[in-house]
1. What size of dipole, in debye to the nearest 20, comes out for the stretch 46-130 about its Cα centre when the only charges are +1 on Lys and Arg C-beta atoms and -1 on Asp and Glu C-beta atoms?
2. Specify which labelled value, from (i) 166; (ii) 142; (iii) 106, agrees with volume of the Cα convex hull per residue in Å³ derived from the coordinates of the model shown.
3. Net charge around Y85, counting only other residues with Cβ within less than 14 Å of its Cβ (Lys, Arg = +1; Asp, Glu = -1)?
4. I'd like the antiparallel share, as a percent to the nearest 5, of DSSP beta bridges with both residues in the chain.
5. Under the rule that an exposed site lies in a DSSP loop and has at most 10 other Cβ atoms within 10 Å, name the longest stretch of the chain with no GluC sites (Glu not before Pro) of that kind, not counting the sites themselves.
6. When the chain is fully extended, how far beyond the present Cα-Cα distance does S98 get from D21, taking 0.36 nm per residue of separation?
7. From the phi angles alone, apply the Karplus equation (6.51, -1.76, 1.60; θ = phi - 60°) to the stretch 53-65 and give each ³J(HN,Hα) in whole Hz, x where the residue is Gly or Pro.
8. If the only charges are +1 at each Lys and Arg Cβ and -1 at each Asp and Glu Cβ, what is the size of the charge dipole of the chain around the Cα centre, to the nearest 20 debye?
Amino acid sequence: MVVEDVVDEGRQVVVWARTPDDPAACPGCGAESARVYSYHWRTVADVPLDERPVTVNVQVRRLFCPTMGCRTTFREQVAGVLERYQRRTARLTGQVQSVVRELAGRAGARLLEQLSVRLSRHTARSFMRPWPRRLTNALRAAYLELRRP
């Protein structure tokens with residue numbers, strides 16, 4: 001990731017960045033491509049700085065896949081910073097998980113608010129789930145099946 005600008009807006013810090021111009025690997029077939037289809041912006045929250053929230057705006061490329069029969073385009077991912085479908089960086093997610101696993105629900109949300117991390121108690125509660133809901137339901141069903149007389 002290439003940081004273009006860091007702006008101090010008083011109440012928050014905004015980081016403007018872009019991905020490097022290097023070729024990226026297609027997640028479907030692994031072939032590398034540098035042929036750009038389009039650009040779009042990803043906005044994620046990062047660890048607070050000096051009690052102020054940090055927002056990272058990253059310009060990400062959508063690239064053509066060179067392999068016939070594979071997908072036509074794909075978005076490049078920035079490992080460790082931007083994971084698919086995430087609204088927070090991996091660093092912030094790790095810190096939130098640590099707090100929420102120790103202090104569940106409202107207590108965890110209050111402590112995160114003191115740490116300048118904006119998060120509702122409902123979102124904080126979702127970090128307590130160690131496994132995906134589908135897997136949890138399957139385990140519950142298997143447990144109930146074992147308990148049947």
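Readers should treat all values here as calculations from the given coordinates under stated rules, not as data from a laboratory. For clarity, every value in this text was computed on a predicted model and none was experimentally measured. With ideal geometry, Cβ positions are generated from the backbone for all residues, glycine too; neighbour counts draw on all protein chains shown.
1. Working: 16 positive and 7 negative charges, 78 e Å.
For this selection, approximately 380 debye.
2. After the calculation, the listed value that fits is (ii).
3. Numbers: positive: R42, R75, R84, R87, R88; negative: E83.
Summing Lys and Arg as +1 and Asp and Glu as -1 gives +4.
4. Of those bridges, close to 75 percent are antiparallel.
5. Values: sites that count: E9, E51.
Longest site-free region, per DSSP loop and neighbour criteria: 52-149.
6. On the way: separation 77, 0.36 × 77 = 27.72 nm, distance 3.48 nm.
Using 0.36 nm per residue and subtracting the Cα-Cα distance, I get 24.2 nm.
7. x, 10, 10, 10, 9, 10, 7, 10, 8, 9, 10, 7, 8
8. Details: 25 positive and 15 negative charges, 240 e Å.
It works out to roughly 1160 debye.
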